[in-house]
Amino acid sequence: MCEGIIITNEAKKHLTNNDAIPLSLFEYPTTSGISLVLPDNIYVNAQFSGKYARSPIILDYKNDYFLNFNNEITPVKIIPLPDYFNKKDTDGNLYTNFIMSHTDRMRINPIWGCYFTCKYCDFNKERYKKIPFVKLKEAIDVALADKNIQPKHLLISGGTPKPEDRDFLDSIYEQVTKYLLQKNITTDIMLAPRKEKDLLKKLKSWGVNSLSINLEIYQEELAKKFNPEKAKISREFYFQFIKDAVMIFGISKVRSILIIGLEPISETLKGVEEIAKLGSDIVLSPFMSSENIALAHIKPPTEQDLIEVYEKSKIITDKYGVTIGPRCIPCQHNTLAFPNNSSEYFFS
Ligand code: SF4
(Lines give C-alpha, C1' and ligand atoms only; values in the text may rest on other atoms or scores of the structure.)
Protein backbone atom coordinates (compact mmCIF):
# COMPACT_ATOMS: atom_id res chain seq x y z
CA MET A 1 0.00 0.00 0.00
CA CYS A 2 2.59 2.54 1.07
CA GLU A 3 5.22 1.67 -1.50
CA GLY A 4 2.91 1.26 -4.46
CA ILE A 5 3.33 -0.77 -7.62
CA ILE A 6 5.24 -0.65 -10.87
CA ILE A 7 3.03 -0.76 -13.96
CA THR A 8 4.36 -2.45 -17.09
CA ASN A 9 3.85 -0.82 -20.49
CA GLU A 10 1.48 -3.62 -21.48
CA ALA A 11 -0.71 -3.07 -18.40
CA LYS A 12 -0.55 0.69 -18.91
CA LYS A 13 -1.67 0.33 -22.52
CA HIS A 14 -4.79 -1.56 -21.42
CA LEU A 15 -5.49 0.61 -18.38
CA THR A 16 -5.32 3.83 -20.36
CA ASN A 17 -6.94 2.47 -23.50
CA ASN A 18 -3.78 3.43 -25.41
CA ASP A 19 -3.34 6.74 -23.57
CA ALA A 20 -6.95 7.83 -24.12
CA ILE A 21 -7.63 8.00 -20.36
CA PRO A 22 -5.39 8.70 -17.35
CA LEU A 23 -4.28 5.96 -14.97
CA SER A 24 -5.89 7.81 -12.07
CA LEU A 25 -6.94 11.28 -11.00
CA PHE A 26 -4.70 12.81 -8.38
CA GLU A 27 -6.71 14.04 -5.42
CA TYR A 28 -5.90 13.06 -1.82
CA PRO A 29 -2.61 11.19 -1.26
CA THR A 30 -4.67 8.23 0.00
CA THR A 31 -6.79 7.92 -3.15
CA SER A 32 -4.33 8.88 -5.84
CA GLY A 33 -3.49 5.36 -6.99
CA ILE A 34 -5.28 2.61 -8.88
CA SER A 35 -7.98 0.63 -7.10
CA LEU A 36 -7.18 -3.09 -7.21
CA VAL A 37 -9.19 -6.06 -5.99
CA LEU A 38 -7.04 -8.98 -4.86
CA PRO A 39 -8.34 -12.49 -4.15
CA ASP A 40 -10.54 -12.78 -1.01
CA ASN A 41 -11.99 -9.34 -1.73
CA ILE A 42 -9.00 -7.39 -0.54
CA TYR A 43 -9.32 -3.87 -1.94
CA VAL A 44 -6.16 -1.78 -2.29
CA ASN A 45 -5.53 1.70 -3.62
CA ALA A 46 -2.03 1.24 -5.03
CA GLN A 47 0.15 4.27 -5.72
CA PHE A 48 2.34 4.14 -8.79
CA SER A 49 4.20 7.46 -8.74
CA GLY A 50 6.07 9.66 -6.29
CA LYS A 51 9.41 9.08 -4.65
CA TYR A 52 8.15 6.40 -2.25
CA ALA A 53 6.33 4.34 -4.88
CA ARG A 54 9.16 1.89 -5.30
CA SER A 55 7.74 -1.47 -4.43
CA PRO A 56 8.99 -4.62 -6.15
CA ILE A 57 5.37 -5.53 -6.97
CA ILE A 58 4.62 -5.30 -10.69
CA LEU A 59 1.18 -4.88 -12.24
CA ASP A 60 1.19 -6.64 -15.61
CA TYR A 61 -1.30 -7.75 -18.26
CA LYS A 62 -1.51 -10.92 -20.32
CA ASN A 63 -5.12 -11.77 -21.23
CA ASP A 64 -5.97 -10.25 -17.84
CA TYR A 65 -4.32 -8.21 -15.09
CA PHE A 66 -2.06 -9.82 -12.52
CA LEU A 67 0.50 -8.84 -9.89
CA ASN A 68 3.98 -10.26 -10.08
CA PHE A 69 5.91 -10.26 -6.81
CA ASN A 70 9.21 -12.12 -7.13
CA ASN A 71 7.58 -14.37 -9.76
CA GLU A 72 4.64 -15.15 -7.51
CA ILE A 73 1.56 -14.40 -9.63
CA THR A 74 -1.70 -13.05 -8.15
CA PRO A 75 -4.70 -12.36 -10.38
CA VAL A 76 -6.17 -8.95 -9.77
CA LYS A 77 -9.22 -6.97 -10.86
CA ILE A 78 -8.99 -3.27 -11.65
CA ILE A 79 -11.70 -0.80 -10.72
CA PRO A 80 -11.84 1.77 -13.51
CA LEU A 81 -12.20 5.51 -13.22
CA PRO A 82 -15.80 6.67 -13.38
CA ASP A 83 -16.92 7.34 -16.92
CA TYR A 84 -17.74 10.95 -15.98
CA PHE A 85 -14.10 11.74 -15.08
CA ASN A 86 -13.72 14.21 -17.99
CA LYS A 87 -17.36 15.27 -18.43
CA LYS A 88 -18.62 18.77 -17.73
CA ASP A 89 -21.86 20.22 -16.40
CA THR A 90 -23.97 22.87 -18.10
CA ASP A 91 -21.72 25.63 -16.70
CA GLY A 92 -18.58 24.00 -18.06
CA ASN A 93 -17.33 22.66 -14.71
CA LEU A 94 -15.87 19.18 -14.53
CA TYR A 95 -18.17 16.96 -12.47
CA THR A 96 -15.05 15.81 -10.62
CA ASN A 97 -14.91 19.32 -9.13
CA PHE A 98 -17.98 18.27 -7.15
CA ILE A 99 -17.88 14.50 -6.86
CA MET A 100 -15.61 11.48 -7.14
CA SER A 101 -16.43 7.76 -7.15
CA HIS A 102 -14.08 5.09 -5.81
CA THR A 103 -14.98 1.39 -5.62
CA ASP A 104 -18.64 1.44 -4.46
CA ARG A 105 -18.76 4.93 -2.94
CA MET A 106 -19.30 8.49 -4.13
CA ARG A 107 -17.61 11.29 -2.23
CA ILE A 108 -18.58 14.95 -2.20
CA ASN A 109 -16.78 17.88 -0.58
CA PRO A 110 -19.37 20.64 -0.04
CA ILE A 111 -16.57 22.77 1.42
CA TRP A 112 -13.86 22.81 -1.22
CA GLY A 113 -10.54 23.63 0.44
CA CYS A 114 -10.36 23.61 4.23
CA TYR A 115 -10.31 25.89 7.27
CA PHE A 116 -7.85 23.46 8.92
CA THR A 117 -4.19 23.04 7.97
CA CYS A 118 -3.33 19.37 8.62
CA LYS A 119 0.21 18.89 7.38
CA TYR A 120 -0.40 15.43 5.87
CA CYS A 121 -3.22 16.67 3.63
CA ASP A 122 -3.19 18.61 0.39
CA PHE A 123 -6.85 19.62 0.30
CA ASN A 124 -6.24 22.77 2.37
CA LYS A 125 -4.14 24.09 -0.53
CA GLU A 126 -7.29 24.40 -2.66
CA ARG A 127 -9.05 27.76 -2.82
CA TYR A 128 -11.77 27.70 -0.13
CA LYS A 129 -15.33 27.77 -1.50
CA LYS A 130 -18.81 26.47 -0.79
CA ILE A 131 -20.47 24.19 -3.34
CA PRO A 132 -24.23 24.80 -3.56
CA PHE A 133 -26.71 21.93 -3.26
CA VAL A 134 -27.90 22.32 -6.85
CA LYS A 135 -24.37 21.58 -8.15
CA LEU A 136 -23.89 18.66 -5.77
CA LYS A 137 -27.27 17.18 -6.73
CA GLU A 138 -26.49 17.39 -10.44
CA ALA A 139 -23.12 15.70 -9.86
CA ILE A 140 -24.69 13.00 -7.66
CA ASP A 141 -27.22 12.21 -10.40
CA VAL A 142 -24.39 11.85 -12.92
CA ALA A 143 -22.41 9.59 -10.57
CA LEU A 144 -25.46 7.42 -9.87
CA ALA A 145 -25.95 6.87 -13.60
CA ASP A 146 -22.26 6.12 -14.27
CA LYS A 147 -21.60 3.03 -16.36
CA ASN A 148 -18.18 2.19 -14.86
CA ILE A 149 -18.89 2.52 -11.14
CA GLN A 150 -22.30 1.98 -9.56
CA PRO A 151 -22.14 3.70 -6.18
CA LYS A 152 -23.96 2.12 -3.27
CA HIS A 153 -23.46 4.91 -0.77
CA LEU A 154 -22.17 8.45 -0.34
CA LEU A 155 -19.52 10.00 1.88
CA ILE A 156 -19.71 13.69 2.67
CA SER A 157 -16.09 14.49 3.37
CA GLY A 158 -14.08 17.57 4.45
CA GLY A 159 -12.89 20.31 4.19
CA THR A 160 -13.83 21.60 7.53
CA PRO A 161 -15.95 24.76 7.31
CA LYS A 162 -15.11 28.17 8.72
CA PRO A 163 -17.32 28.74 11.79
CA GLU A 164 -19.60 31.07 9.80
CA ASP A 165 -20.18 28.34 7.17
CA ARG A 166 -21.36 25.62 9.54
CA ASP A 167 -25.04 26.37 8.91
CA PHE A 168 -24.44 26.13 5.17
CA LEU A 169 -22.79 22.75 5.61
CA ASP A 170 -25.54 21.47 7.90
CA SER A 171 -28.13 22.39 5.30
CA ILE A 172 -26.15 20.38 2.72
CA TYR A 173 -25.97 17.42 5.14
CA GLU A 174 -29.74 17.52 5.50
CA GLN A 175 -30.65 18.07 1.84
CA VAL A 176 -28.22 15.50 0.43
CA THR A 177 -29.08 12.82 2.99
CA LYS A 178 -32.82 13.21 2.46
CA TYR A 179 -32.45 13.37 -1.34
CA LEU A 180 -30.46 10.12 -1.42
CA LEU A 181 -32.71 8.28 1.01
CA GLN A 182 -35.44 8.58 -1.62
CA LYS A 183 -33.12 6.53 -3.86
CA ASN A 184 -32.21 4.03 -1.13
CA ILE A 185 -28.65 5.35 -0.96
CA THR A 186 -27.19 5.95 2.49
CA THR A 187 -25.01 8.89 3.52
CA ASP A 188 -22.00 8.79 5.81
CA ILE A 189 -20.37 11.96 7.10
CA MET A 190 -16.79 12.74 8.04
CA LEU A 191 -16.64 15.69 10.43
CA ALA A 192 -14.62 17.28 13.20
CA PRO A 193 -16.24 17.56 16.65
CA ARG A 194 -18.40 20.65 17.14
CA LYS A 195 -19.87 22.12 20.27
CA GLU A 196 -23.39 22.92 19.05
CA LYS A 197 -25.88 21.15 21.24
CA ASP A 198 -28.10 18.70 19.37
CA LEU A 199 -25.92 18.55 16.22
CA LEU A 200 -25.57 14.77 16.53
CA LYS A 201 -29.30 14.34 17.14
CA LYS A 202 -30.08 16.50 14.11
CA LEU A 203 -27.78 14.43 11.88
CA LYS A 204 -29.45 11.25 13.09
CA SER A 205 -32.93 12.68 12.55
CA TRP A 206 -32.07 13.63 8.95
CA GLY A 207 -31.22 9.99 8.26
CA VAL A 208 -27.40 10.09 8.28
CA ASN A 209 -26.17 6.48 8.42
CA SER A 210 -22.77 6.75 10.10
CA LEU A 211 -20.06 9.17 11.21
CA SER A 212 -16.31 9.28 10.86
CA ILE A 213 -14.76 11.49 13.56
CA ASN A 214 -11.06 11.33 12.90
CA LEU A 215 -8.56 11.98 15.67
CA GLU A 216 -5.70 10.97 13.33
CA ILE A 217 -2.81 11.72 15.73
CA TYR A 218 -3.02 10.60 19.37
CA GLN A 219 0.14 12.09 20.88
CA GLU A 220 -0.75 15.67 21.83
CA GLU A 221 2.60 17.34 21.13
CA LEU A 222 2.77 15.75 17.67
CA ALA A 223 -0.87 16.63 17.04
CA LYS A 224 -0.03 20.30 17.70
CA LYS A 225 2.60 20.03 14.98
CA PHE A 226 0.76 17.95 12.41
CA ASN A 227 -2.90 18.95 12.82
CA PRO A 228 -2.91 22.11 14.95
CA GLU A 229 -6.63 22.91 14.70
CA LYS A 230 -7.60 19.37 15.68
CA ALA A 231 -5.15 19.54 18.58
CA LYS A 232 -6.85 22.76 19.66
CA ILE A 233 -10.23 21.02 19.72
CA SER A 234 -8.48 18.73 22.26
CA ARG A 235 -8.29 15.00 22.60
CA GLU A 236 -10.76 15.10 25.50
CA PHE A 237 -13.40 16.80 23.40
CA TYR A 238 -12.83 14.34 20.54
CA PHE A 239 -13.42 11.48 22.96
CA GLN A 240 -16.54 13.10 24.41
CA PHE A 241 -17.95 13.76 20.92
CA ILE A 242 -17.19 10.19 19.79
CA LYS A 243 -18.83 8.83 22.95
CA ASP A 244 -21.94 10.95 22.35
CA ALA A 245 -22.02 9.86 18.71
CA VAL A 246 -21.92 6.19 19.72
CA MET A 247 -24.82 6.82 22.13
CA ILE A 248 -26.90 8.33 19.34
CA PHE A 249 -25.82 6.32 16.27
CA GLY A 250 -24.92 3.04 17.97
CA ILE A 251 -21.98 0.64 17.89
CA SER A 252 -20.69 0.01 14.33
CA LYS A 253 -21.95 3.39 13.13
CA VAL A 254 -19.07 5.53 14.41
CA ARG A 255 -15.42 5.28 13.46
CA SER A 256 -12.24 7.27 13.91
CA ILE A 257 -9.11 7.30 11.76
CA LEU A 258 -5.64 7.02 13.27
CA ILE A 259 -2.71 7.60 10.93
CA ILE A 260 0.10 5.05 11.09
CA GLY A 261 3.59 6.42 10.57
CA LEU A 262 3.51 9.92 12.04
CA GLU A 263 3.96 8.98 15.69
CA PRO A 264 5.51 6.06 17.58
CA ILE A 265 3.52 2.85 17.25
CA SER A 266 3.02 2.79 21.03
CA GLU A 267 1.17 6.14 20.80
CA THR A 268 -1.03 4.96 17.92
CA LEU A 269 -1.95 1.90 19.98
CA LYS A 270 -2.85 4.07 22.98
CA GLY A 271 -5.17 5.94 20.63
CA VAL A 272 -6.69 2.66 19.42
CA GLU A 273 -7.38 1.66 23.03
CA GLU A 274 -8.89 5.01 24.06
CA ILE A 275 -11.20 5.14 21.05
CA ALA A 276 -12.19 1.46 21.08
CA LYS A 277 -13.11 1.85 24.75
CA LEU A 278 -15.75 4.40 23.71
CA GLY A 279 -17.46 1.87 21.41
CA SER A 280 -16.13 3.36 18.19
CA ASP A 281 -14.51 1.42 15.34
CA ILE A 282 -10.93 2.28 14.43
CA VAL A 283 -9.73 2.98 10.92
CA LEU A 284 -5.99 2.52 10.46
CA SER A 285 -4.74 4.80 7.72
CA PRO A 286 -1.11 4.30 6.69
CA PHE A 287 0.57 7.65 6.09
CA MET A 288 0.93 8.18 2.34
CA SER A 289 3.54 10.61 1.17
CA SER A 290 2.87 13.02 -1.63
CA GLU A 291 4.73 15.93 -3.19
CA ASN A 292 1.84 18.27 -2.42
CA ILE A 293 1.86 17.96 1.36
CA ALA A 294 3.96 19.71 4.00
CA LEU A 295 5.21 16.31 5.24
CA ALA A 296 6.45 15.19 1.81
CA HIS A 297 9.85 14.39 3.32
CA ILE A 298 8.49 11.75 5.73
CA LYS A 299 8.79 8.15 4.61
CA PRO A 300 5.69 5.98 4.75
CA PRO A 301 5.61 3.25 7.42
CA THR A 302 7.27 -0.07 6.69
CA GLU A 303 5.46 -3.34 6.07
CA GLN A 304 6.65 -4.51 9.50
CA ASP A 305 5.16 -1.40 11.17
CA LEU A 306 1.83 -2.04 9.47
CA ILE A 307 1.75 -5.68 10.54
CA GLU A 308 2.57 -4.76 14.13
CA VAL A 309 -0.06 -2.02 14.35
CA TYR A 310 -2.71 -4.18 12.69
CA GLU A 311 -2.14 -7.24 14.86
CA LYS A 312 -1.99 -5.33 18.14
CA SER A 313 -5.00 -3.19 17.20
CA LYS A 314 -6.99 -6.33 16.39
CA ILE A 315 -6.43 -7.63 19.93
CA ILE A 316 -7.60 -4.29 21.36
CA THR A 317 -10.69 -3.92 19.16
CA ASP A 318 -11.71 -7.53 19.90
CA LYS A 319 -11.42 -6.78 23.62
CA TYR A 320 -13.89 -3.88 23.34
CA GLY A 321 -16.28 -5.50 20.84
CA VAL A 322 -15.53 -3.04 18.04
CA THR A 323 -13.83 -3.50 14.69
CA ILE A 324 -10.97 -2.34 12.54
CA GLY A 325 -13.04 -0.57 9.90
CA PRO A 326 -14.37 0.53 7.65
CA ARG A 327 -16.93 -2.26 7.70
CA CYS A 328 -17.82 -1.74 4.05
CA ILE A 329 -15.36 -4.01 2.22
CA PRO A 330 -14.78 -1.90 -0.94
CA CYS A 331 -14.18 1.17 1.26
CA GLN A 332 -11.19 -0.61 2.80
CA HIS A 333 -9.17 0.18 -0.33
CA ASN A 334 -7.09 2.95 1.26
CA THR A 335 -6.97 1.64 4.83
CA LEU A 336 -5.36 -1.22 6.71
CA ALA A 337 -8.37 -3.53 7.02
CA PHE A 338 -9.24 -6.96 5.68
CA PRO A 339 -12.55 -8.76 5.32
CA ASN A 340 -12.53 -11.90 7.45
CA ASN A 341 -15.76 -13.56 6.27
CA SER A 342 -17.51 -12.46 9.45
CA SER A 343 -20.76 -10.51 9.50
CA GLU A 344 -18.78 -7.50 10.76
CA TYR A 345 -17.79 -6.76 7.18
CA PHE A 346 -20.17 -6.37 4.27
CA PHE A 347 -20.76 -5.01 0.80
CA SER A 348 -22.93 -1.90 1.05
S1 SF4 B 1 -9.52 18.61 8.20
FE2 SF4 B 1 -9.46 17.02 6.62
S3 SF4 B 1 -9.57 18.13 4.67
FE4 SF4 B 1 -9.02 19.62 6.24
S5 SF4 B 1 -6.81 19.72 6.18
FE6 SF4 B 1 -7.35 18.23 7.77
S7 SF4 B 1 -7.36 16.22 6.73
FE8 SF4 B 1 -7.41 17.84 5.11
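The values are calculated or read from the model by the stated rules, or taken from the named source; none is laboratory data. All figures in this text were calculated on a predicted structure; none of them were measured in a lab. Every residue, glycine among them, receives a Cβ derived from its backbone with ideal geometry; neighbour counts consider all protein chains shown. Quick note on the areas: whole protein, heavy atoms, side chains included, nothing else; ligands and nucleic acids left out. Shrake-Rupley method; radii C 1.70, N 1.55, O 1.52, S 1.80 Å.
Observations
- In the stretch 249-348, the GluC sites (Glu not before Pro) that fall in loop regions by DSSP, at most 14 other Cβ within 10 Å: Glu291
- Cα lying deepest toward the dipole's positive end in the stretch 234-348, options Ser343, Phe287, Pro330, charges on Cβ: Ser343
- Calculated on alpha-carbon atoms, Rg and Dmax of the stretch 82-208 in Å: 14.3, 42
- Toward the positive end of the charge dipole of the chain, with +1 on the Cβ of Lys and Arg and -1 on the Cβ of Asp and Glu, the farthest Cα among Ile57, Ile185, Ala223 is that of Ile185.
- Dipole magnitude (debye, nearest 20) for the chain, charges at Cβ of Lys, Arg, Asp, Glu: 780
- Apolar share of the accessible surface for the stretch 234-348: 54 percent from carbon plus sulfur atoms, 1.4 Å probe.
- For the stretch 244-250, the Karplus equation 6.51 cos²θ - 1.76 cosθ + 1.60, evaluated at θ = phi - 60°, returns couplings of 5, 5, 5, 4, 8, 9, x Hz by residue, with Gly and Pro reported as x.
- Charge-dipole axis of the chain as Lys and Arg at +1 and Asp and Glu at -1 on Cβ define it, positive-most pick from Asn71, Pro163, Ser252: Pro163
- Using a Förster distance of 30 Å, the FRET efficiency for Asp167-Val134 (Cβ separation, nearest 0.05): 0.95
- In range of the label at Thr16: residues from the stretch 76-110 whose backbone nitrogen is under 20 Å from the point 7 Å along Cα→Cβ: 78-87
- Listed by chain and number, the lysines placed with their C-alpha closer than 21 angstrom to that of Lys119 are Lys51, Lys129, Lys162, Lys224, Lys225, Lys230, Lys232, Lys299; residues fewer than eight positions away on the same chain are left out.
- Averaged over its residues, the chain has an accessible area of 46 Å² per residue, based on protein heavy atoms and a 1.4 Å probe.
- Inverse mean reciprocal Cα-Cα distance (Kirkwood Rh) of the chain, Å: 20.7
- Rounded to the nearest 500, the helix-only mean residue ellipticity at 222 nm of the chain stands at -9000 deg cm²/dmol, with each DSSP H run of n ≥ 4 adding -39,500 (n - 2.57).
- Cα-centre dipole for the stretch 234-348 with unit charges at Cβ (Lys and Arg positive, Asp and Glu negative), debye to 20: 300
- Only Lys, Arg, Asp and Glu carry charge here, each on its Cβ (+1 for the first two, -1 for the last two); on that basis the stretch 289-328 has a dipole of about 200 debye about its Cα centre.
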